[in-house]
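Working notes, beginning with the structure itself.
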């Protein structure tokens with residue numbers, strides 16, 4: 001939410017300084033695009049994974065070239081880039097329009113690999129995943145267990161940061177990162 005508010009404040013300040021009408025229209029448009037990210041706060045506010053946790057997630061996922069990986073709630077796409085650099089086919093989904101833009105701006109500047117799409121994770125098909133990574137709040141982890149975990153294929157890995165799947169024993173735990181292998 002902080003990123004969305006910062007983006008809106010910057011546009012508002014430029015609109016006030018320049019008095020350009022199109023900036024006011026841009027402000028309204030960006031506000032409407034940022035609403036899903038603001039409402040998503042109760043599922044997963046933007047908190048970047050600690051470096052040691054990100055490394056543990058990648059290690060536990062055992063990323064190999066050609067694997068299909070989904071990052072649900074990809075944030076600014078840091079994990080997407082790291083996993084794509086290891087040769088995986090990585091797709092991230094992020095509901096925050098501001099974070100989605102930040103990923104694509106960084107990708108354009110640094111020519112990084114991986115893709116992040118702007119969208120709601122609950123409506124995406126992840127059934128072909130070899131690995132799913134996520135950093136979601138406890139209520140969202142409950143929803144993930146009910147709506148998504150059953151849709152991933154047998155043998156697929158789920159790697160979660162900080163918050164485990166409720167009532168399911170992880171196969172491995174490292175640095176508050178949980179690995180589940182779908183049975």
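Laboratory data are not the source of any read-out in this text; all were calculated from the coordinates shown. All figures in this text were calculated on a predicted structure; none of them were measured in a lab. A quick note on method: Cβ atoms are made from the backbone with ideal geometry, for glycine too, and the neighbour counts reach across all protein chains shown.
Grab the eigenvalues of the alpha-carbon gyration tensor for the range 85-183, scale each by 5, take roots, and send me the semi-axes largest first in whole angstrom.
Here the semi-axes work out to 25, 15, 14 Å.
Three principal axis extents, largest first, for the C-alpha atoms of the chain, in Å?
Taking max minus min along each principal axis of the Cα atoms, the chain gives 59, 34, 28 Å.
What fraction of the DSSP beta bridges in the chain is antiparallel, stated in percent and rounded to the nearest 5?
Antiparallel bridges make up about 30 percent of those DSSP assigns within the chain.
What FRET efficiency comes out for residue 150 versus residue 52 if R0 is 35 angstrom and r is the Cβ-Cβ distance? Round to the nearest 0.05.
0.70
Just need the relative contact order of the chain here, percent rounded to a whole number, with Cα pairs under 8 Å and 6+ apart.
20
Between residue 143 and residue 12, how high is the FRET efficiency from 1/(1 + (r/R0)^6) when r is the Cβ-Cβ distance and R₀ = 41 Å? Nearest 0.05.
It comes to 0.75.
Quick check: the angle from helix 138-147's long axis to the longest principal axis of the chain, C-alpha only, nearest 10 degrees?
Roughly 70 degrees, rounded to the nearest 10.
So how tilted is helix 21-39 from the main axis of the chain? Cα-based, degrees 0 to 90, rounded to 10.
20
Which FRET efficiency value, to the nearest 0.05, do you get for residue 68 and residue 29 by plugging their Cβ-Cβ distance into 1/(1 + (r/R0)^6) with R0 = 25 Å?
Efficiency at R0 = 25 Å is approximately 0.15.
Taking the 0 to 90 degree range and rounding to the nearest ten, how far is the long axis of helix 51-61 tilted relative to the main principal axis of the chain, both from C-alpha atoms?
50
Hey, can you rank 120-126, 14-20 by average C-beta count inside 10 Å, highest first?
Most protected by this proxy first, the peptides run 120-126, 14-20.
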